[in-house]
Amino acid sequence: MANEHSARVELLQGTLDLIVLRALATMGPLHAYALASRLEQIADHPFPLNQGTLYVALVRLEQKGWIKGVWQRSESNREAKYYGITGAGRRALEKHTERWRRLARFVDKLLEEPL
Amino acid sequence: MSALRRLVLRLAHFVLPGLGERQLDRELRMHLSMLEEEYQRRGMTLEEAALAATRALGGLHRTKELHREARSVVWLDDLRRDLRYAVRTLTRTPGFTALAVLTLTLGIGSVTVIYSVIHDVLLDPLPYPGSQRFVNVQVVNTEDGRRRNVLPAAEFLDFQEQSTVFDAVIGTRGESGVLAIGESRELVRVVLVTPNFFEVMGLPPMFGRTPAPTDAQPDAPPVAVVRHRAWVTHFAADPSVVGTVMLLDGTPRTIVGVMPPRFTWHAADVWIPAPIDRAAADANTAPRNFQARLAPGAGMDEAEAQLNVIARRRAQESPAEYPPNFRVEVVNVIEQVVGDFRGVLYTALGAVGLLLLIACCNVANMLLARATVREREMTIRAALGAGQGRIFRQVLVESLLLALAGAAGGCLLAYVGIGALVPLLPQGPLPGEVEFGLDRAALLFSLGLAVAAALLFGIAPALYSARRDLVQGLKTDGKGLTGTSGRLRHALVVAGIALSLVLVLGAGLLMRSFLSLVRVDLGFDPRPVLVRQITFPPEAYASPAERHRLYADALERVASQPGVAGVAASMGFPPFGSGYTSQLDIAGMPPDPQRTTLVQFCTGSYFETLGLRFLQGDRFDDSSADRMPRQAVVSQTLATSYFGARDPIGQHITVTVQTAGAGQPDRSAFEIVGVVQDVRNRGPYEAVVPHVYLPGPALVGSSTILVRAAADPAAVAGTLRSALREAHPHVIVREPGTIQEVLDRNVYAQPRFSLIVIAVFAVAATLLVGVGVFSVMAYAVSRQTREIAVRLALGASGAQVMRGVIGAGGRLLVMGIGIGLVGSLATSRLLARQLWSTSTYDPPTVIAAVVLITLTALLACYVPARRATHIDPMAALRQE
């Protein structure tokens, strides 16, 4: 069970960072729970990994300086840590989006061509 | 950039672990409560919602763990935890920890001492930059092996200019000079150097400056640079001596600089710049040593090849300069200077390595014993989820901690040890530049050694603790005498006994060898005979006859001193070579070039001063040197070798007489008037060769005076200098001491050093082995308390119990001695080069070593054995 989970996490580590950055860039600052539910809403199927792994991605991005976490009061008057994208994060988002698009195009092409 | 930021933050989280944990807690709590609310809104009950929330999060614990791994550096975290646990465990058993650390201190510290000396003497003795690449160049006659290490100017410059392998070349030449300070005259060693010398050696002077190129020009005022030790001895360490003028060999020279203490190239007291000039050189210009530094990347083979090509070309142009078969050799300077000492030091390193191994065996044994006691604790930890790797790492960290503590103590021990060892080192083979101390290389070595030792003794206990058998581990009460643990510990004790036997045997052999060395019969007693080398300065006499008178006068004055039982003058003194070899012709027998003898000039009083016995005839008259027939005394060996049964007295012999300043040597005839007993004349250990003594006006330059003290040589020594000064106030006196002292310094010092070092290690090893045997036996007895109690209750006597315990120890002892003897066969061969007249299988020494180890082991068994007999059966049985 644990292996299945970690396998899935490994696969999506880089892309999860990208997704989080994109989400924060378009939706503005969010706390972790809000981010998780929004991502679930957007995805057609239930989100393919457990919500705990979000925290791993968040701490990674925060340590890299691409997002910044600030403690604020939420709508329901709870203390929550809101994560927002930084300037460096936007630049990284651009770069990594481009990289991902190129990779996706390449893989698509390979899959189309009769080899 | 972002990666770097991440790394820094991860380290920050490692250093301050609580930082991220608290925040994550708050976040997760909020996340969970919001999830619960959501699920409740969807219609779940409170409990269902809570469960679903946790599942959606993916497990609280797991999330926290993943987060921690991402935000901090996990293995450092674990290491910190292991360290804290190890410290706690070790401080809980202070006795155990202290013993282990002391054992390791002894082992690691001793090795560090020897390594430090090896580093300071063999690996990096010279302070000059690039000193590893310094070489000497010699021309070797391949037929007879004779070497010429000085090159005349033309050859020197050809080698220098036509070779490409050197990045610096210096020409040096060492001579004796007379330094005049006030009324006293001192003999100093003067070294001529090419003007680039100080720049090449690369060390700045302590005071003043080094000679500039202008100082070396022929019409420049003469300058000199003084060695630190000479500055202290002759100039009272006065810095203002720089710029003053000193009188060297009658020439006034300005002292321009004083070099730092470690600058002692060529063992000089004074360096004088003197360029090599091809044009100005003639037959009288003294040749120089060719010393050079290899360019980086150039090898000695390449240098030799180049120089040989140049030399062969010169040999073709002027064949008279070279022997018919010759080779140019390039030798590394450090190798040449300290190479002989290598054997001694590496033997010491081997011995101390054995000591460290024994220490590691002991500590491994202790750790294994403790591991079996902690088996229950380890099993519980494993059952609670600690991985095998985790436990293994944790035990290894304990070992590392012990080793590091041992290294710290070892460095302290090394500091003291180096201070104690250095005075014992033989001074002769060591260059003046050597400086001893606990430097960075030694400290780093000590650290590395600690890590290696930790792995060595820590692996077995770590493997033992980490292996799986949970059920067995909980069931057992840690007997640990059977199975792998017990066998391994017995093997360690056996190994320790074997290794210590090798060491003790080595020490014993060295002792036998040393005793044989010092007990060699020299033919005379060296203790009461003082030697002095006296030189009269050239201005003291105008002719050889006057010089002869001066010496005679000096001898008379010395003879009249109180406490003097005899005085003589000679070319040298036994047992060292004191003469030259000449062909011996006997009147009435055909000449035979193989018939050679050692020729020595001395005064007639020589024989009684040394206490030599005449077998036939008597000494010669000193006055017979000037009248015919000249008299001679021969040695016993010469008489028996060349005259056989015939009586040599009255026979006539002819030898070559070399008198310096008299031009060519010529052959002279002598009449034998006495046969004197043999003394060693080619060194203390070489066979005696035939020897003829001639009366000598031919005392040349400086002479050796031998003084026999009636009682205490020290009392006589004090009065000699003033007595000699009465003969001439400017006489120069060199004082090696008594012949015994000379032997001690030059001949006995090195074997004595080896002996002391290895003996110390052997004693330490024996003690360690005693401790090891004791601890194993004590542990065994404590673990077998119940069995012993049962036996006592069933009627066994105390003696029987004791025999049982000692028997167990005895079995290990026998095995250890057996293995040790076999091991000694191998190591003795390595030691053989340092032994003299002692077989490596010398039976008394072997027996003594075995007895020593046996007694130690039996003594170590005795205490636990006695304790076993005092076990109260009732109390012991009740305890379980």
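The values are calculated or read from the model by the stated rules, or taken from the named source; none is laboratory data. Since this is a predicted model, take the numbers as computed values, not measurements. Neighbour counts run over all protein chains shown; Cβ positions are idealised from the backbone, glycine included. Note: areas computed on protein heavy atoms with side chains; ligands, DNA, RNA excluded. Shrake-Rupley method; radii C 1.70, N 1.55, O 1.52, S 1.80 Å.
Once fully extended, how much extra length lies between residue B:321 and residue B:799, figured as 0.36 nm per residue of separation less the alpha-carbon to alpha-carbon distance? Don't skip to the end; give the middle numbers.
Values: separation 478, 0.36 × 478 = 172.08 nm, distance 8.66 nm.
Taking 0.36 nm per residue and subtracting the Cα distance, the gain is 163.4 nm.
Residue B:877 to residue B:206: extension gain in nm, 0.36 nm per residue of separation minus the Cα-Cα distance?
Details: separation 671, 0.36 × 671 = 241.56 nm, distance 7.91 nm.
Full extension from residue B:877 to residue B:206 adds 233.6 nm.
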When all protein chains stay in place, what accessible area (Å², nearest 10, 1.4 Å probe) is found for residue A:68? 130
Residues with beta-carbon under 13 Å from that of residue B:270, excluding residue B:270: net charge, scoring Lys, Arg +1 and Asp, Glu -1? +1
Rounded percent of accessible protein surface that carbon and sulfur make up, segment B:777-844, 1.4 Å probe: 65
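Could you check how much of the accessible area of segment B:190-335 is carbon and sulfur, as a whole percent, using a 1.4 Å probe?
On the way: 3920 of 6910 Å².
The C+S portion of the solvent-accessible surface of segment B:190-335 is 57 percent.
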Could you tell me how many degrees, from 0 to 90 and to the nearest 10, lie between the Cα long axis of helix B:388-421 and the main elongation axis, the longest principal axis, of the Cα atoms of chain B? 30
FRET efficiency (residue B:302, residue B:78; Cβ distance; R0 60 Å; to 0.05) is 0.65
About the Cα centre, and with charges only on the beta carbon of Lys, Arg (+1) and Asp, Glu (-1), how big is the dipole of segment B:174-259? Nearest 20 debye, please. 200
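Please arrange A:54, B:123 by accessible surface area, largest first, computed with a 1.4 Å probe and ligands excluded.
Numbers: A:54 5, B:123 75 Å².
The residues order as B:123, A:54, largest area first.
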Extension gain from residue B:383 to residue B:726, taking 0.36 nm per residue of separation minus the Cα-Cα distance: 114.0 nm
Looking only at the protein assembly as shown, where both bridge partners belong to it, what percent of the DSSP beta bridges are antiparallel (to the nearest 5)? 80
Determine the distance separating the Cα centre of segment B:77-111 from the Cα centre of segment B:500-563; give it in Å without decimals. 55
Listed residues B:693, B:520, B:836: farthest to the positive end of the dipole of chain B (Cβ charges): B:836
If B:176, A:74 are ordered by their accessible area, calculated over protein heavy atoms with a 1.4 Å probe, which sequence runs from highest to lowest? B:176, A:74
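How high is the FRET efficiency between residue B:832 and residue B:521 when r is their beta carbon distance and R₀ equals 22 Å, given to the nearest 0.05? Intermediate results must be reported in sequence, preceding the final value.
Values: r = 23 Å, r/R0 = 1.07.
Working from the Cβ atoms, E equals 0.40.
Quick one: work out the % antiparallel among DSSP beta bridges in chain B, nearest 5. Walk me through the numbers on the way to the answer.
Details: 76 of 95 bridges.
Here the antiparallel bridges make up roughly 80 percent for chain B.
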Along the Cα-to-C-beta direction of residue A:91, a point sits 7 Å from the Cα; which residues of segment B:1-26 have their amide N less than 13 Å from that point? B:1-3
To the nearest hundred square angstrom, how large is the accessible surface buried between B and A, total for both chains, probe 1.4 angstrom? 2400
Quick one: 3J(HN,Hα) in Hz for segment B:214-222, Karplus 6.51/-1.76/1.60 with θ = phi - 60°, rounded, Gly and Pro as x. 5, 5, 8, 6, x, 9, 6, x, x
What angle, in degrees between 0 and 90 and rounded to the nearest 10, separates the Cα long axis of helix B:440-466 from the longest principal axis of the Cα atoms of chain B? 40
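For a test of the definition: using alpha carbon positions, the gyration tensor, and the 1.5 limit on a/c, classify segment B:787-836 as rounded, prolate or oblate.
Details: a/c = 8.05, a/b = 4.94, b/c = 1.63.
Prolate.
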How much accessible surface area, in Å² rounded to 10, belongs to the heavy atoms of residue B:194 with a 1.4 Å probe? 10
Need one value: the accessible area of residue A:103 in square angstrom, 1.4 angstrom probe, rounded to the nearest 10. 90
Averaged per residue, what accessible surface does the protein assembly as shown expose to a 1.4 Å probe, in Å²? 48
Per residue of chain B, what 222 nm ellipticity follows from adding -39500 (n - 2.57) for every DSSP H run with n ≥ 4, rounded to the nearest 500? -17000 deg cm²/dmol
Hey, what angle do you get for helix B:94-118 against the long axis of chain B, alpha-carbon based, 0 to 90 degrees rounded to 10? 30
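Restricting to lysine pairs 8 or more places apart or on different chains, what number in the protein assembly as shown have Cα atoms under 21 Å apart? Walk me through the intermediate numbers first.
Working: A:64/A:81; A:64/A:95; A:64/B:64; A:68/A:81; A:68/A:95; A:68/B:64; A:81/B:64.
Value for the protein assembly as shown: 7.
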Taking a 1.4 Å probe, which of B:862, A:55 shows the most accessible area, and what order do the others take after it? B:862, A:55
What whole-number distance in Å separates the alpha-carbon centres of segment B:166-235 and segment B:257-334? 19
